[in-house]
1. For Tyr638, what charge total do you get from the other residues with a beta carbon under 15 Å from its beta carbon, if Lys and Arg give +1 and Asp and Glu give -1?
2. How much length would be gained if the chain were fully extended between Ser601 and Lys725, taking 0.36 nm per residue of separation minus their Cα-Cα distance, in nm to one decimal?
3. For Lys746, project a label point 7 Å along Cα to C-beta. Then give me every residue of the range 669-697 with its amide nitrogen under 13 Å of that point.
4. Taking N as the number of residues in the range 497-572, what value does Rg over Cα atoms divided by 2.2 N^0.38 Å take?
5. Residue by residue, what Karplus-based ³J(HN,Hα) values in Hz, rounded to whole numbers, does the range 421-430 have, using 6.51, -1.76 and 1.60 with θ = phi - 60° and x for Gly and Pro?
6. With every protein chain present, what is the per residue accessible area of the chain (1.4 Å probe, Å²)?
7. Averaging over all projection directions, find the projected area of the Cα convex hull of the range 425-538 and quote it in nm² with one decimal place.
8. Give the long-range amide H neighbours of Lys512: residues separated by 5 or more places, or on another chain, with amide H under 5 Å away, using H modelled in the peptide plane at 1.01 Å from N.
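The values are calculated or read from the model by the stated rules, or taken from the named source; none is laboratory data. Values in this document were obtained by computation on a predicted structure and should not be read as measured data. In this analysis, Cβ positions are derived from the backbone assuming ideal geometry, glycine residues included, and neighbour counts consider all displayed protein chains. Ligands, DNA and RNA are excluded from the accessible area calculation, which covers all protein heavy atoms including side chains. Shrake-Rupley method; radii C 1.70, N 1.55, O 1.52, S 1.80 Å.
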Amino acid sequence: MRTLLSVFLFLFYFTYPSSQTSRELIFNTNSTKTSSNSVRFMTFVALVDPLCKPSPFFSHHHWYSSLLTSSSSTTTSFIHIYNTLIHGFSASLTPYQAKHINSSHGVLSLFPDSIFHLHTTRSPSFLGLNNLKLKLLNSSGSNVIIGFMDTGIWPEHPSFADDGLEPIPAHWRGKCETGFGFNHSNCNKKLIGARFFSGGYRAFFGHLDHPASEFRSPRDHDGHGTHVSSIAAGAPVTGSSFYGFAGGLAQGMAPNARIAVYKVCWVSGCLLSDICAAFEKAILDGVNIISISLGSSRLPFHLDLLSIVSLRAFSGGIFVASSAGNEGPSWASITNAPPWITTVGAGTIDRDFPAKLLLGNGISITGISITLTRESKLTRGFHRLYFGGEISSSKFSFSRQLVKGNIVLCLTTGHMPRMLLGASLLSLGAVAMVICHGSIDPNGMISEPHVIPTITVGILEAKLIEDYILSSDRPVANISSQGTVEKYAKPAPVVASFSSGGPNSAVPGILKPDVIAPSVNILGAWTDAIGPSSVALDNRRPQFNIMSGTSMACPHVSGVAAIIKSVHPDWGPSEIKSALMTTSNTHKLYYYRNVSLSSSSLILDESTGKAANPFDFGAGHIHPERALDPGLVFDLGYQDYIDFLCQLNYTKNEIHIISGKHANCSNIGKGQLNYPAIVIAAEKVGHKGVNFYRRLKNVNEAGSRKYKAKVVGLAGFYKIVVIPKKLEFSKIDEKLSFKIAIRKEKGVAKRTSLWVGALIWHEIGGKHRVRCPIVIFSRQG
């Protein structure tokens, strides 16, 4: 850590904070500013050992103050004081102060503050929640509190009404903070708490943006926080839609769960120092679940504060769900990799918004749109088509003369600001846009709320349109919308191309993502402060908006976790996670009807058009009904993770940084982390083989408690032997262990770089199936 700090101090003199507006993950450590007297400052989080406080100091605050004053004559104040999950403080320091404090007695580590960005680019019925027994939707679920670390909330939205809810849970200790446009009365029995954290942001950027673009309060100007909160725990709202699209009943996964908001994200991002402070408050306030739809670094755990605070939250029994990231389809692009976090990837649902582009040569192109209506003037007659070319950045310009009155085809690549592109074309007089998102959405599945009428098409369809434009003297087209089509609209889920996938670069033996959940074209509540496209000239103010991204997947899991917690209040985060993973589905589900599945073939990967694998979807797509009654779970405790860190060869000091406790790794045997998945590099298997050890806990309160092992997949490549082949539980909460021996079959030539199978424990004479993925991959493949 000392060496890493030296690198950051060197960067003081050669880097400056950049202006970032993308919502994709950017790990930025250039948190520097210059004061009026030209002293360079950088924001740090100091992590200390509270037991090392020198005896002359009456309090830890007194000790921290001495560290600041003894290191410099420059007046420096604290940004945050941490004294729950972690111990220490954050402050803006000069290079000399940072070096002095980092070498001081009792200081474990000094972390440069970092900026993170949000992971965003009818789901309850698709997940079968409308068919769950009434007991899951009654007031018992209202004792579960979900804490959202995001952009805040729009409290007046009907999704946050508290009609019919019982009094606020007795274990709640939080508050409703006041600020610009927000007061105590904005909270109720649904939205039971709201806080905001801007100290790190203001220290990083030197200001907090003007109220015209932000509220210095829990009120949401961006819309993202309002959207994800409603997905997880929004109250039922009838007649909901986005201008007629996706119409019907809108409600969250857990409509009776309580919402606590921790605003940590502002116009230009979310500061790690603020996120840590929010974690501390959330735990003290009494949340049961933390939902965080933003990006983490891919640093080792002892250098990643988000990994550290999330492990401390786990130790307090808090389930933490986070988005996987939107950097797919790149290999090993996953973020939020620690095994104690439930990392959620992106899948589609069985709903579509079909639109047609009829070319002048008679060819009909199918796309999707949520900005066209059947009454639109664009459906009458033909309009000129113009090819806007390939666009890869925010630096785009068009000639008003060429685009005015025309439909413009744009081929975008990468994560460029597509909403601004549409706004630019509208301002120049274009009548519509046809857009292709390139490799991040090759099939054209993402429909966005552009301010200009827009059709999204896939790569192949865009090529047909481009060829027509370039070959015609007067290319024209007519566009129309078919509205909303549900159920048999398309096979689903499909893994979205933008969804970050594995393998896990931080810990290759831990499967990530853990699961996938709905995240494409998701309807959710929206702020009244900004239009659905978030561009300045968008004057629309809908109650609901349609968004895509792993940001939308995360609250689906958070909400389902809340339902599981309400039914099993004694379960900890590992039991909930295991239930979600071992009951998930790996096949396409066209739709749910009477809680029975109509399925065919494996879940597909949008980027390849072929069957997806666990590095794409983790254990599979969540299945809430099964997760409520998994039969068996892989249990994990806090000490298991400490042992795991020892096995990863973290040093005593590094484990102290991560856990806050001293660890004795000399007593750690060869035990393995009891994770509900097995991942190993092929080079480690060989013909001699390798053994894995796992443990299952019986949570089946009724019916047979005998299970038989069955291995699927891998035949002909690897031989899998399970010992014992049967498990018989005699009582609830009983734990039984088993061994999985894996060895390579002789004489088998290498044909691929990835082998996938699963161990399934079938309940004899019962309904339960406990599935554990087995993934063998070649690092040379």
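1. Here the charged neighbours net out to -1.
2. 41.9 nm
3. 687-688, by backbone N distance to the label point.
4. 1.49
5. 4, x, 5, 4, 5, 4, 5, 8, x, 5
6. Ligands and nucleic acids excluded, the figure is 37 Å² per residue.
7. Computing the convex hull of the Cα atoms and averaging its projections yields 11.1 nm².
8. Those lying under 5 Å, H to H, from Lys512 are Asn504.
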